[in-house]
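Chemist: I'd like to ask you about the structure that follows.
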Amino acid sequence: MSASAVFVLDLKGKPLISRNYKGDVSMAEIDHFMPLLMQKEEEGALTPLLTHGKVHFLWIKHTNLYLVATTMKNANASLVYSFLYKVVEVFSEYFKELEEESIRDNFVVIYELLDELMDFGFPQTTDSKILQEYITQQGNKLETGKSHVPPTVTNAVSWRSEGIRYKKNEVFIDVIESVNLLVNTNGSVLLSEIMGTIKLKVFLSGMPELRLGLNDRMLFELTGRGKNKSVELEDVKFHQCVRLSRFENDRTISFIPPDGDFELMSYRLNTQVKPLIWIESVIEKFSHSRVEIMVKGGKEFLMRAHFGLPSVEKEEVEGRPPIAVRFEIPYFTVSGIQVRYMKIIEKSGYQALPWVRYITQSGDYQLRTQ
Amino acid sequence: MTDSKYFTTTKKGEIFELKAELNSDKKEKKKEAVKKVIASMTVGKDVSALFPDVVNCMQTDNLELKKLVYLYLMNYAKSQPDMAIMAVNTFVKDCEDPNPLIRALAVRTMGCIRVDKITEYLCEPLRKCLKDEDPYVRKTAAVCVAKLHDINAQLVEDQGFLDTLKDLISDSNPMVVANAVAALSEIAESHPSSNLLDLNPQSINKLLTALNECTEWGQIFILDCLANYMPKDDREAQSICERVTPRLSHANSAVVLSAVKVLMKFMEMLSKDLDYYGTLLKKLAPPLVTLLSAEPELQYVALRNINLIVQKRPEILKHEMKVFFVKYNDPIYVKLEKLDIMIRLASQANIAQVLAELKEYATEVDVDFVRKAVRAIGRCAIKVEQSAERCVSTLLDLIQTKVNYVVQEAIVVIKDIFRKYPNKYESVIATLCENLDSLDEPEARAAMIWIVGEYAERIDNADELLESFLEGFHDESTQVQLQLLTAIVKLFLKKPTETQELVQQVLSLATQDSDNPDLRDRGYIYWRLLSTDPVAAKEVVLAEKPLISEETDLIEPTLLDELICYIGTLASVYHKPPSAFVEGSRGIVHKSLPPRTGSSESAESPDAAPSGAPPSEQPAVIPTQGDLLGDLLNLDLGPPVSGPPVATTSVQMGAVDLLGGGLDSLLRSDVGGSPAMGGTGFTAPSAVMPANLGPPPSGGLGDLFDLAGGVGTLSGSHVAPKTVWLPAMKAKGLEISGTFSRQVGAISMDLLLTNKALQVMSDFAIQFNRNSFGLAPAAPLQIHAPLAPNQTVEISLPLNTVGSVMKMDPLNNLQVAVKNNIDVFYFSTLYPLHILFVEDGKMERQMFLATWKDIPNENEAQFQIRDCPLSAARCACSRPSNQKQLVPEHTAW
C-alpha cells in the first residue's frame, strides 16, 4: 500500500540512515538508486518515480539530501510523497535545519522518530508538536521512566494537548496573499491568480472553540446578505483541525486550533486583477560583447543596464529566463478578503483578543522576455 | 554535544572494546556503548557479533536505551534466529508493562522481527494488546496483525486475529479504526479471495463517520478502502459521494486525490440527468487545479492523474486550460506532462491561446521539451480543424528557424497533417524540400520520403530527390528503407515512363541485397503486383487512405476505467495496470468501474458499455502500427507518439484493433504452434527472382498466406544437434553438451556429460536460474553411477515451465548451474522457443482475444526471425500463465 523502506541519502547516494518497514524489498536495492537517477538525468527522462527491476523508488530532494521510499507494490504514490515531505517538515522542526550534518548529529532521535512516524508502511503520528511531547532530543528527560503517550496522539483532536495555560489569551491572524502572474512576451496576461493563506499564531488556554468569519461570497449568498463586498473563493484547503463537513454544509470555519503557529487555510482565486506591478523590458545584444537591458517598471521607474562582456561565446543557445518580480505590500489584500470576526469560546470563559494583519506579496510573478 | 561522536571510533579491536562496555555495570556506559553499536550499524558495519551482549541490555527501565536495543534486534534478528529467542521473554514482559508506550513499542517491534520461531510467542501478547485499554496500544496491535499475516498467514487465521481486526473497525477511537482498515486492506490486497473487507452499508457508515475524525493518513486509508466498495444503487453512491466531497478541501494532496478516486468511481453510477451529477462535476475542478500548486513531485502525480481524468470526463477541466501553461521554472517532467494535457484540452474555443503558447515553447532551449511542443502543434492541427491552417503556418515559421531538431520534428508532424487534410497544404512542400539535406533522424527522413512519394506527381524532381536517398540504402534504418521502397513504387505508378530504372533498382535492393524479411516481403509483393497486374497495383498502392482521427495516444477504454480505480497510485502514474509491474498480482481480479444503475439511461440502452458514456462521446482511437489496412497502405509511420509512458499503450491498442479486425480470417486456423519458425539451424531456401520485372515463381498473395498457415502443425518438432555448452577446460574436466527437444507435449533437455578429468565425478545436481518462461527441471538430475574418467553418460532431463519467471535478455536465455563433487559450474545457453509451443495451439477466437487482452504489455516481447522466407509475419510470443501461444503480431509490409 505504501513505502516498504525509507532512506535518507547524501548527494552521492550513500545511505545516511534508513528504516526498513516491511522487509519485502531488499535494503541493498538502494545501491541502484543513484546510478539510475544519473542515467535518467542524462537521458532527460528524470521523474520523481524511478524503476529498477521490480523495485520502485519514490524520491524527493531536500538541501543536500535525497529522501527515498522503496516499494514493490502498487503503492499510493501521492501518500508516499506527502509523507516524505512531512518527514522533512518534522525533522526540520526538530533540528532547525535538515541536512547531512544534522542527520549524523541526531541519529538516535531520528531512529525514534522514524519508528513513530510510520509503521509497516502506514504513516502514523506526524504532528511534530505532539511528537515533541514524548520524543525529545534530550534523552535524559525520559530516564525517570515516567513518560507516557500523550493522549493527544490517539485523540480525535490529535493536534492539541490538554492543559495548555497562558496568562494573556491572544490569537494573531495573518492574511497573506501571493499573486501569481504570467505575462507573455507580447504583454498579454496569460495567467493571474491569487493564492491566499491564513496563518494563525495561537496563545490560548485550554481547549478553545474558534470560529472564523470571512466575507466569503458563498456564505453571504447562503445567508442572504447579497454579493456586496464579498470575495469568491475558488478553492479552499484547510488544516486538519477544521471541521470539513461543517464547512461543506454551511460554510462555517470552526475548529479547535493547535497551539502556536500553523497554517489554518489556503484559498485560490482566479479573478483577473490588474497586475500590481508592470514591467516592460528590452534586451538588445550588440555583437559579441555588449548586452543592453532596459527595464521599465510601472509609471515611475526606468532601469537601463549595459553589460560589457568578454567576447567568448557559449556554444549552446541561451534560454530566455523571464523577469521575476518580488514585492510585498503590507496592510492590503488584492482580493479584498476580510476577517469579519474570530469568535473564541472556551469553557473557562476567558476573554481573548484576535489581532489581524494583511499582506500582499509576489508569488510566482513572471514576465517573459523577448 | 551531538551524536556524531559515536561515529568516530574506527580503531581496531573496536568490537572487543564494545563488548566490554556493553557488559559494564554502569548504566551510562552501557547506553553509550549501545549508541556506538547503532552508529556502526548505521554506517553499514556488521555488528551482529555483539548480539548476545546487546540483548542483555534489553531489560532496562531506560526507554531510550530500550528503543535502541529493539532497533538492533529488528536489524539482526533474522541473521541470528536462534539467539533472537533470547529476547522473547523480555518482549512478552514488556507487553504487560504499565507504560502503554512500552507495551506498544514491544508489540510493534515483535512484528518486525521476521523470524518464524518468534511469531508463535507473539500470539498471546498480541491478543492482549488488541484488547488493550489504551488506544495507542490497540492501534499498534492492529498493524501488528498485518505484519504477522505477512510472515505466517495461516497462524493469523487460526488464531482468529482477523475477526478481532474486523471488530476494531467499530472501535471508539478513530486512529484505531484507521489502522484496522489499513491492516485489513493490506491483507486483502495480498489475498484477494479472502473476502476480508466484506463492506456493507453498515460498515461503510462507520467508516464515513471515522473519516471526519481521524488523521490525514487515516483518512487516506479509509478513502482507499471505500474506493473498493460497490454501492448497491445510485442513491447509495450519491450519499457516499456527498460525505466524501468535504475531503476535497483537505490541505494534504494525497487526501484530495484519494477522495477524487472515490468520487470518479462512484460518479459512474450516477445518472447524468441528475442535478447532483452536475454539482459534483463542478466541485471536482477547483481541487484538481489547486494540486498544481503542490510540491513538484505531487504535481507530477496529479498531472498524470489529470491526464486520465480528462480522458474519462473531459467536461471537468475543459475551461481550465490556462493553469496548465508551462512556467519557466517548472521541472522538465512537469513541463512535459502539462504539454500533454494542454493538447487534450485544446478545442476551437481556446486554440488561439494554445498555439501562441506552443510557439513560445518551441523556441525554448530544452531539446526534449521543444520537440514535444512542435509535435503538439501538429496534434492541434489534427484535432482542431479550424486551426489547421494556423498550425501549418506556425510550423513553417519554425522550419525557417533552421534549428535542426525543430525542422525534423516539424516535418514529422506535417506528414500527419497531410494525412488528415489531403490535398490542402501541398504548397508547403517546396519549403520542406529545401531542408532535405539536414534531416538525419530516421523518423524525419521517412516522413519526408513519404511526402515526396505521396505527392510525386506534383514534385517535378521527385525522382531525383528519391534517388538521392537510394545511394546509401543499406545504411538507412528499416523504416526509411520501407518508406523509400513504397515511395518509389508510388512514383513509378504515377510517372511510369521516367522511373522504370529507379523502381527496378529499389526492388532489387530490397529483395536481393537485404536480409530484413519485412523489407524483402514488401519488395516481393510490390514486384508481383507490378508484374502481374499494374492496374491492381495502382488500386492497392494508390488507394485512398483512411483519414486519421483527431485524438492520439488515447488510453484504451477498459484500461482507462481500470486506471481510474487506481487514482493516486503507481499504476496511475505509469498508466499501466498493477498486474503489469507488481509481482504475484497476476491472479488478482482487474478492478473496474461500477455499472450505472437505476438511471433512465441504462434502461434505454441495456447493451451500453459499462463505462456508460455513449460511444459518440468517446473520441476514436487512431489505429496504430498494428493495423493491417494501414500496413497495406504503407503507413508504417504511425501517429505521433508523445512520451515514453504513452507509447506502450498505443502498441496495445494496435494489437487489440488488429485482432478484432480482419486479420483473423487471414490467419484462419493454424495460429497456434508453429515450431519450425522458431527453430534453430534453419536454412533459407533462396528464392531466385528474375532480374527484370518478370513474374515471380509462384502465384498471388494467397500462396503466401497458405505458406504461413501451413507451417504450424508438426508434431514431433525439430531437434537441433547437440552443441558444447560447457567446455571441459572451464569446468575442471566436466564437459557438457546438449540440446532441447519437445516430444508429445513434454519438454526435455538432452545432455551429454563427459568426464575428462583424472578423478571420478559423482553427486551431480542441476539448477536453473529464473528465466523468461519459468523453465525448470521437472526432476532431479539422475546419474546413478559415479562418472569414471573418460566416461560419457547421456541423459534426458525432463523440464516444465512452472519455475520462477524473470525476463531474460535475450528472451530465450537460460542460465544453468551444474554441481558435482568437485565444484559448481555455471553456463548459459539459448533454447529454441518452439519447445514451449503447445501442439494444440488452436484457440477459439473469443478466447484468443480475451487471452491477448489479459497479457500486460510488458510481457510482450518482439524479435525478428532472420532468414525465414516462409512467412511475412513477425511473431510476438506471449505467456498467459504457462501456456505458450504463438501469436503473429502483425504483418508488416
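Chemist: I'm told B:E467 meets every condition in (1) free of Cβ contacts under 8 Å to residues at least 24 places away in the same chain; (2) charged (D, E, K, R); (3) under 30 Å from B:C433 (Cβ atoms) except one. Can you identify the failing condition by its number?
Modeler: Here B:E467 meets the rest and fails (1).
Chemist: What's the total number of residues in region B:36-76 that are facing chain A (nearest Cβ under 9 Å) and under 21 Å from B:T119 (Cβ atoms)?
Modeler: Residues flagged as facing chain A (nearest Cβ under 9 Å) and under 21 Å from B:T119 (Cβ atoms) within region B:36-76 amount to 4.
Chemist: Please find, among B:S514, B:S549, B:S508, the residue that is hydroxyl-bearing (S, T, Y) and within 30 Å of B:V384 (Cβ to Cβ).
Modeler: Values: B:S514 fails: within 30 Å of B:V384 (Cβ to Cβ); B:S508 fails: within 30 Å of B:V384 (Cβ to Cβ).
B:S549 is the lone residue from the list that is hydroxyl-bearing (S, T, Y) and within 30 Å of B:V384 (Cβ to Cβ).
Chemist: Let me ask you something else. For A:E41, which of the numbered conditions (1) closer than 30 Å to B:T109 by Cα; (2) assigned to a helix (DSSP H, G or I); (3) within 12 Å of chain B (Cβ to nearest Cβ) fails to hold?
Modeler: Condition not satisfied by A:E41: (1).
To keep it simple, each residue is scored yes or no on (1) touching a helix residue (DSSP H, G or I) at 6+ places or on another chain (Cβ under 6 Å); (2) closer than 23 Å to B:A153 by Cα; (3) among the charged types (D, E, K, R).
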site	(1), (2), (3)
B:E14	no, no, yes
B:K19	yes, no, yes
B:A39	yes, no, no
B:D46	no, no, yes
B:Q59	yes, no, no
B:L63	yes, no, no
B:M74	yes, yes, no
B:K93	no, no, yes
B:R114	yes, yes, yes
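Chemist: On to the next question. So B:Y229 passes all but one of these: (1) surrounded by fewer than 23 Cβ atoms within 10 Å (Cβ to Cβ); (2) among the aromatic types (F, W, Y); (3) part of a helix (DSSP H, G or I). Which condition number does it fail?
Modeler: Looking at each condition in turn, B:Y229 falls short on (3).
Chemist: Next question. Among B:S572, B:S531, B:S477, B:S468, which is the only one that is of a type in the set (S, T, N, Q) and touching a Lys or Arg at 6+ places or on another chain (Cβ under 7 Å)?
Modeler: Details: B:S531 fails: touching a Lys or Arg at 6+ places or on another chain (Cβ under 7 Å); B:S477 fails: touching a Lys or Arg at 6+ places or on another chain (Cβ under 7 Å); B:S468 fails: touching a Lys or Arg at 6+ places or on another chain (Cβ under 7 Å).
Just one listed residue meets the conditions, B:S572.
Chemist: Something else now. What single numbered condition from (1) within 43 Å of the chain's Cα centre (by Cα); (2) more than 11 Å from chain A (Cβ to nearest Cβ); (3) surrounded by 14 or more Cβ atoms within 10 Å (Cβ to Cβ) fails to hold for B:S79?
Modeler: If we test B:S79 against (1) within 43 Å of the chain's Cα centre (by Cα); (2) more than 11 Å from chain A (Cβ to nearest Cβ); (3) surrounded by 14 or more Cβ atoms within 10 Å (Cβ to Cβ), just (3) comes out false.
Chemist: Turning to a different aspect of this structure: Tally the residues that are assigned to a loop (DSSP other than H, G, I, E, B) and within 9 Å of chain B (Cβ to nearest Cβ), restricting the search to region A:234-283.
Modeler: Taking region A:234-283 first, the residues assigned to a loop (DSSP other than H, G, I, E, B) are A:234, A:239-241, A:243, A:251-252, A:256-259, A:270-278.
If we keep only those that are within 9 Å of chain B (Cβ to nearest Cβ) too, we end up with A:234, A:239-240, A:243, A:270.
Qualifying residue count for the region: 5.
Chemist: When residues of region A:278-296 are filtered for being surrounded by fewer than 16 Cβ atoms within 10 Å (Cβ to Cβ) and not charged (D, E, K, R), how many remain?
Modeler: The number of residues fulfilling the criteria is 8.
Chemist: Let me ask something else about it. Going by the conditions given, is B:D234 at pLDDT 90 or above, out of contact with any helix residue (DSSP H, G or I) (no Cβ under 7 Å at 6 or more places or on another chain) and surrounded by 18 or more Cβ atoms within 10 Å (Cβ to Cβ)?
Modeler: Taking the combined requirement at face value, the residue satisfies it.
Chemist: Do you know which of the residues in region A:17-27 that are hydrophobic (A, V, I, L, M, F, W, C) and at pLDDT below 95 is nearest to A:M72 (Cα to Cα)?
Modeler: Keep residues of region A:17-27 that are hydrophobic (A, V, I, L, M, F, W, C), which gives A:17, A:25, A:27.
Now drop any that are not at pLDDT below 95, which leaves A:25, A:27.
On the way: A:V25: 7, A:M27: 12 Å.
Looking at residues that are hydrophobic (A, V, I, L, M, F, W, C) and at pLDDT below 95, I get A:V25.
Chemist: For region B:35-75, how many residues are more than 18 Å from B:Y121 (Cβ to Cβ), buried (at least 21 other Cβ atoms within 10 Å of the Cβ) and either touching a Cys at 6+ places or on another chain (Cβ under 6 Å) or hydroxyl-bearing (S, T, Y) (or both)?
Modeler: 2
Chemist: How many residues are touching a His at 6+ places or on another chain (Cβ under 8 Å), within 30 Å of B:P577 (Cα to Cα) and more than 10 Å from every other protein chain (Cβ to nearest Cβ) if we restrict to region A:64-117?
Modeler: The number of residues fulfilling the criteria is 1.
Chemist: Tell me, which residue of region B:322-350 that is of a type in the set (S, T, Y) and assigned to a loop (DSSP other than H, G, I, E, B) is farthest from the other protein chains (Cβ to nearest Cβ)? If you could, list the steps in order and put the result at the bottom.
Modeler: Restricting attention to region B:322-350, the residues satisfying the condition of being of a type in the set (S, T, Y) are B:328, B:333, B:347.
From what's left, assigned to a loop (DSSP other than H, G, I, E, B): B:328, B:347.
Numbers: B:Y328: 5, B:S347: 17 Å.
My answer is B:S347.
Chemist: Taking region B:296-316 as the region of interest, how many residues are in contact with a Phe, Trp or Tyr (Cβ under 7 Å, 6 or more places away or on another chain) and touching a residue at least 12 places away in the same chain (Cβ under 8 Å)? Step through it out loud before you land on a result.
Modeler: If we filter region B:296-316 for residues that are in contact with a Phe, Trp or Tyr (Cβ under 7 Å, 6 or more places away or on another chain), which is where we start, we get B:297-298, B:300-301.
Those left that are additionally touching a residue at least 12 places away in the same chain (Cβ under 8 Å): B:298, B:300-301.
Of the residues in region B:296-316, 3 are in contact with a Phe, Trp or Tyr (Cβ under 7 Å, 6 or more places away or on another chain) and touching a residue at least 12 places away in the same chain (Cβ under 8 Å).
Chemist: Select, from B:T90, B:T119, B:T109, the only residue that is over 21 Å from A:D24 (Cβ atoms), of a type in the set (V, I, T) and part of a helix (DSSP H, G or I).
Modeler: Details: B:T119 fails: over 21 Å from A:D24 (Cβ atoms); B:T109 fails: over 21 Å from A:D24 (Cβ atoms).
Step by step, each of B:T90, B:T119, B:T109 is checked, and only B:T90 is over 21 Å from A:D24 (Cβ atoms), of a type in the set (V, I, T) and part of a helix (DSSP H, G or I).
Chemist: Related question: Criterion first (more than 14 Å from every other protein chain (Cβ to nearest Cβ) and in a helix (DSSP H, G or I)) does B:L547 satisfy it?
Modeler: On the way: more than 14 Å from every other protein chain (Cβ to nearest Cβ): yes; in a helix (DSSP H, G or I): no.
No.
Chemist: Check region A:210-219 and report whether any residue there is closer than 25 Å to B:A254 by Cα and modelled with pLDDT of 95 or more. I'd like the intermediate steps shown before the answer.
Modeler: Quick first cut of region A:210-219, residues closer than 25 Å to B:A254 by Cα only: none.
Looking through region A:210-219, none of the residues is closer than 25 Å to B:A254 by Cα and modelled with pLDDT of 95 or more.
Chemist: Let me ask something else about it. Are any residues in region A:44-58 within 17 Å of B:Y300 (Cβ to Cβ) and more than 8 Å from every other protein chain (Cβ to nearest Cβ), and if so, which ones?
Modeler: The first filter runs over region A:44-58 and keeps only residues within 17 Å of B:Y300 (Cβ to Cβ), leaving A:44-51, A:56-58.
If the condition is that a residue be within 17 Å of B:Y300 (Cβ to Cβ) and more than 8 Å from every other protein chain (Cβ to nearest Cβ), then A:L50, A:F57 are the ones that fit.
Chemist: Please go through region B:234-265 and give me each residue that is at the interface with chain A (Cβ under 8 Å from one of its Cβ atoms) and of a type in the set (D, E, K, R), ordered by number.
Modeler: Passing the criteria: B:R243, B:R247.
Chemist: Only one of B:K36, B:K30, B:K19, B:K26 is farther than 27 Å from B:V137 by Cβ and without any contact (Cβ under 8 Å) to a residue 12 or more places away in the chain; which? Walk me through it before giving the result.
Modeler: Values: B:K36 fails: without any contact (Cβ under 8 Å) to a residue 12 or more places away in the chain; B:K30 fails: without any contact (Cβ under 8 Å) to a residue 12 or more places away in the chain; B:K19 fails: without any contact (Cβ under 8 Å) to a residue 12 or more places away in the chain.
Criteria check complete, one pass: B:K26.
Chemist: From the residues in region B:555-574 that are crowded, with 20+ Cβ neighbours inside 10 Å and part of a loop (DSSP other than H, G, I, E, B), which one is farthest from the other protein chains (Cβ to nearest Cβ)?
Modeler: Filtering region B:555-574 down to residues crowded, with 20+ Cβ neighbours inside 10 Å leaves B:555, B:559, B:561-574.
Now restrict to residues that are part of a loop (DSSP other than H, G, I, E, B): B:555, B:565-568.
Working: B:I555: 17, B:C565: 11, B:Y566: 7, B:I567: 9, B:G568: 5 Å.
This residue is B:I555.
Chemist: Suppose the filter is out of contact with any Gly (no Cβ under 7 Å at 6 or more places or on another chain), under 17 Å from A:A45 (Cβ atoms), surrounded by 18 or more Cβ atoms within 10 Å (Cβ to Cβ) and among the β-branched types (V, I, T); does B:V354 pass it?
Modeler: Details: out of contact with any Gly (no Cβ under 7 Å at 6 or more places or on another chain): yes; under 17 Å from A:A45 (Cβ atoms): no; surrounded by 18 or more Cβ atoms within 10 Å (Cβ to Cβ): yes; among the β-branched types (V, I, T): yes.
For B:V354, the condition - out of contact with any Gly (no Cβ under 7 Å at 6 or more places or on another chain), under 17 Å from A:A45 (Cβ atoms), surrounded by 18 or more Cβ atoms within 10 Å (Cβ to Cβ) and among the β-branched types (V, I, T) - is not met.
Chemist: I've got another one for you. For residues that are free of Cβ contacts under 8 Å to residues at least 40 places away in the same chain and part of a helix (DSSP H, G or I), tally how many sit in region B:190-212.
Modeler: So in region B:190-212, the residues free of Cβ contacts under 8 Å to residues at least 40 places away in the same chain come out as B:191, B:193-212.
Restricting the remaining residues to those that are part of a helix (DSSP H, G or I) gives B:193-194, B:201-211.
Matching residues across region B:190-212 total 13.
The values are calculated or read from the model by the stated rules, or taken from the named source; none is laboratory data. Note that the structure is a prediction, hence the values are computed from the model and not measured. Every residue, glycine among them, receives a Cβ derived from its backbone with ideal geometry; neighbour counts consider all protein chains shown.
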